[in-house]
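Just below is one structure, and these are the notes that go with it.
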Amino acid sequence: MSDRPVVLSGIQPSGALHLGNYLGALRPWVLGQEEFRNFFCIVDLHALTQPQEPARLREQTRQLVALYLACGIDPERSTVFLQSHVAEHAELGWILTCLTPMGWLERMTQFKERARGQSAERVGTGVFVYPALMAADILLYQAAYVPVGEDQRQHLELTRDLAQRFNTRFGETFVVPQARIGQTGAGSRVMALDDPTVKMSKSATTEAGCVLLLDPPGTIRRKIMRAQTDSGAAVRAQEAQAGVANLLEIYRATTGAGLAEVAARFDGQGYGALKRAVAEAVIAALDPIQARYRQLMADEAALDRVLARGAAAARGVAATTLARVRDRVGLLPPDAGPGA
Ligand code: TRP
């Protein structure tokens, strides 16, 4: 094992990735591949907390793998795998579920939002115990850092609490992970185009507010040209309000230009000119990703090989942690061991 700090993160294969996922998560992950020992998980078991059409789940899972790779995650350097391929996640998830007080789970904002207004006869229990499985994802790899969005802060706190509770009760076993929320340096926070006061997200915003990574150029242009701007008439980068600030940030993040350069280029220009430039910058940034994605999707067997290798590597680490956990809590080992 290398001595680089371990990073683990995950995305659910439920819904298409958008520009916010790329600039805020995937690209920073890609840039951290030298510095960290990375585990990038596709959390398909988490996707099952909501009803999924099986064929569609399979399709979206493969698409997400291809997008990870197309965005620059290199399976030679980072471990890319499906959560469901490493059974240790489900097993540690159960052990941690049993250690999690219901009160902790009842306080989770995401649970409250998902369950609100729905009959208890209809919401699956997975929505409730979800954070214990997420804790297992992280703790199995002894991750030091978990890059996630602000919306996952509470789940990360619960993961830390669980790690500490386990360590206190059964002896030092888990590294207590730290959340990295928008701290990756290269990461940027992209807001919805149609409502720049909320983060661009697959669930919270409409289709129009969200540039999908696989949107064709015409769609990208149309969405950006309709983006909400400010009440003024011309760009003034220093005083930009949410709408224009978001467009300037997208331009900066997709072109790599500095803040001063962006201000110099757009100050005094109309919003139409800004939007045209942003649209072209986004199209240019996504074009190579889309091309690579199409190549990757054309060879399913190769994608499956990446996943098989990733799962084997992940299992090697996860099994070591789980064996220790099983022993600590008093479960007998499944094999009689040497000398039996
Ligand atoms: N809960 C995360 C989300 O909805 C996804 C997730 C599951 C995750 N397991 C994780 C993220 C482990 C980081 C680490 O976005």
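The values are calculated or read from the model by the stated rules, or taken from the named source; none is laboratory data. Here the structure is a predicted model, which is why all the values come from computation and not from measurement. Cβ placement follows ideal geometry from the backbone for every residue including glycine, while neighbour counts extend to all protein chains displayed.
Take the conditions surrounded by fewer than 21 Cβ atoms within 10 Å (Cβ to Cβ), near the ligand (Cβ under 10 Å from one of its atoms) and closer than 19 Å to Leu133 by Cα and apply them to Ser9. Does it pass? First the steps, then the outcome.
On the way: surrounded by fewer than 21 Cβ atoms within 10 Å (Cβ to Cβ): no; near the ligand (Cβ under 10 Å from one of its atoms): yes; closer than 19 Å to Leu133 by Cα: yes.
So Ser9 does not fit the description; no.
Report those strands (runs of 3 or more DSSP E) wholly inside the range 1-84 carrying at least 2 residues which are touching a residue at least 12 places away in the same chain (Cβ under 8 Å) and farther than 21 Å from Arg305 by Cβ. Even if it seems obvious, please write down each step before you answer.
Working: elements: 6-11, 37-42, 79-82.
Fully inside the range 1-84 and qualifying: 6-11.
Taking helices (runs of 4 or more DSSP H) that do not extend beyond the range 88-200, which have at least 3 residues that are free of Cβ contacts under 8 Å to residues at least 24 places away in the same chain?
Numbers: elements: 88-99, 102-106, 109-115, 126-139, 153-170.
Per the criteria, 102-106, 109-115, 153-170.
Would you tally the residues in the range 192-236 being of a type in the set (S, T, N, Q) and more than 21 Å from Asp151 (Cα to Cα)? Even if it seems obvious, please write down each step before you answer.
Filtering the range 192-236 for residues of a type in the set (S, T, N, Q) gives 197, 201, 203, 205-206, 219, 228-229, 231.
Filter once more, so that each one left must be more than 21 Å from Asp151 (Cα to Cα): 219, 228-229, 231.
So the answer is 4.
Residues of the range 210-250 being among the basic types (Lys, Arg) and within 26 Å of the chain's Cα centre (by Cα), which ones? First the steps, then the outcome.
The initial filter retains those residues of the range 210-250 that are among the basic types (Lys, Arg), namely 221-223, 226, 236.
Listed by number, the residues that qualify are Arg221, Lys223.
Okay, residues lined up against (1) exposed (fewer than 13 other Cβ atoms within 10 Å of the Cβ); (2) at pLDDT 95 or above:
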residue: Leu259; (1), (2): yes, no
residue: Arg276; (1), (2): no, yes
residue: Pro288; (1), (2): yes, yes
residue: Ala291; (1), (2): yes, yes
residue: Asp335; (1), (2): yes, no
residue: Ala340; (1), (2): yes, no
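Only one residue in Thr79, Thr97 is closer than 27 Å to Val190 by Cα, within 16 Å of the ligand (Cβ to nearest atom) and assigned by TED's automatic domain parsing to the domain that holds Arg122. Which one? Even if it seems obvious, please write down each step before you answer.
On the way: Thr97 fails: closer than 27 Å to Val190 by Cα.
Result: Thr79 is the single residue among Thr79, Thr97 that is closer than 27 Å to Val190 by Cα, within 16 Å of the ligand (Cβ to nearest atom) and assigned by TED's automatic domain parsing to the domain that holds Arg122.
Name every residue in the range 22-42 that is surrounded by 23 or more Cβ atoms within 10 Å (Cβ to Cβ) and within 10 Å of the ligand (Cβ to nearest atom), in order of residue number.
Residues satisfying the conditions are Phe39, Phe40, Cys41, Ile42.
Starting from the range 215-235, keep only residues that are free of Cβ contacts under 8 Å to residues at least 60 places away in the same chain, then list their pairs with residues that are of a type in the set (S, T, N, Q) and assigned to a loop (DSSP other than H, G, I, E, B) whose Cβ atoms are within a distance under 7 Å, requiring at least 6 positions of separation or different chains.
If the second residue must be of a type in the set (S, T, N, Q) and assigned to a loop (DSSP other than H, G, I, E, B), the pairs left are Asp230/Gln241; Ala234/Gln269; Val235/Gln269.
Does Ala16 satisfy the criteria of being surrounded by fewer than 21 Cβ atoms within 10 Å (Cβ to Cβ), hydrophobic (A, V, I, L, M, F, W, C) and within 13 Å of the ligand (Cβ to nearest atom)? Steps first, answer last, please.
Working: surrounded by fewer than 21 Cβ atoms within 10 Å (Cβ to Cβ): yes; hydrophobic (A, V, I, L, M, F, W, C): yes; within 13 Å of the ligand (Cβ to nearest atom): no.
Considered against the rule, which asks whether it is surrounded by fewer than 21 Cβ atoms within 10 Å (Cβ to Cβ), hydrophobic (A, V, I, L, M, F, W, C) and within 13 Å of the ligand (Cβ to nearest atom), Ala16 comes out as no.
Filter the range 293-311 for residues that are of a type outside the set (Asp, Glu) and either in contact with a helix residue (DSSP H, G or I) (Cβ under 9 Å, 6 or more places away or on another chain) or crowded, with 16+ Cβ neighbours inside 10 Å (or both) and give the result. Let's see the steps before the verdict.
First, pick out the residues of the range 293-311 that are of a type outside the set (Asp, Glu): 293-298, 301-303, 305-311.
Across the range 293-311, the qualifying residues are Tyr293, Arg294, Gln295, Leu296, Met297, Ala302, Leu303, Val306, Leu307, Ala308, Gly310, Ala311.
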